[in-house]
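Read the structure below first, then the notes.
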Amino acid sequence: MFTILGALSQMERELISQRVRAGLANARALGKRIGRKKTRPSQVIRALLKQKMTYREISRIANCSHGCVSAEKKEMLKEEEAKKAAETENQNLAQNNQHQPKRPKLTLV
């Protein structure tokens, strides 16, 4: 008897979690922001990081934690790597287009 009730409650839990995940996916598709808003001063932290200041100094000036500074640095490096990868991809495409012979355009009469 208890095994049957346990199985039913587990099935109900799985159904609820599926509905919640589907609702969150639907909200994201509609452009809703899920989660907590970012409150750290990203521009200030990035400017100070580019000046080669220490995490402790940056956190004191920006009035945030060391973790915020570290997270912002990781995010900044990730964006820079993506930008570099996109630039090299564009350069590779440009070089490939230069080496390919141009075909004459055919027109149907």
Please compute the length gained on full extension between Ala82 and Arg40, using 0.36 nm multiplied by the number of residues separating them and subtracting their Cα-Cα distance. 12.9 nm
Long pairs among Lys38/Lys83; Lys38/Lys73; Lys38/Lys74; Lys50/Lys78; Lys37/Lys83, criterion Cα-Cα beyond 19 Å: Lys38/Lys83; Lys37/Lys83
Which order results if Val20, Val69 are arranged by neighbouring Cβ count within 10 Å, fewest first? Val20, Val69
Quick one: length gained pulling Glu12 to Ala29 fully straight, 0.36 nm per residue minus the C-alpha distance? 3.5 nm
List Ser9, Ser59 from most exposed to least, where exposure is judged by having the fewest other Cβ atoms within 10 Å. Ser9, Ser59
So for segment 1-65, using the alpha carbon gyration tensor with a ≥ b ≥ c as root eigenvalues (a/c under 1.5 gives rounded; past that, a/b versus b/c decides prolate or oblate), I'd call it prolate
What does the convex hull of the alpha-carbon atoms of segment 42-87 project to on average, in nm²? 3.0
Whether the chain is rounded, prolate or oblate, judged on the alpha carbon gyration tensor where a/c under 1.5 counts as rounded: oblate
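Read-outs throughout are calculated quantities, based only on the coordinates presented, and are distinct from any laboratory measurement. Please read these numbers as outputs of a predicted model, since none were measured by experiment. With ideal geometry, Cβ positions are generated from the backbone for all residues, glycine too; neighbour counts draw on all protein chains shown.
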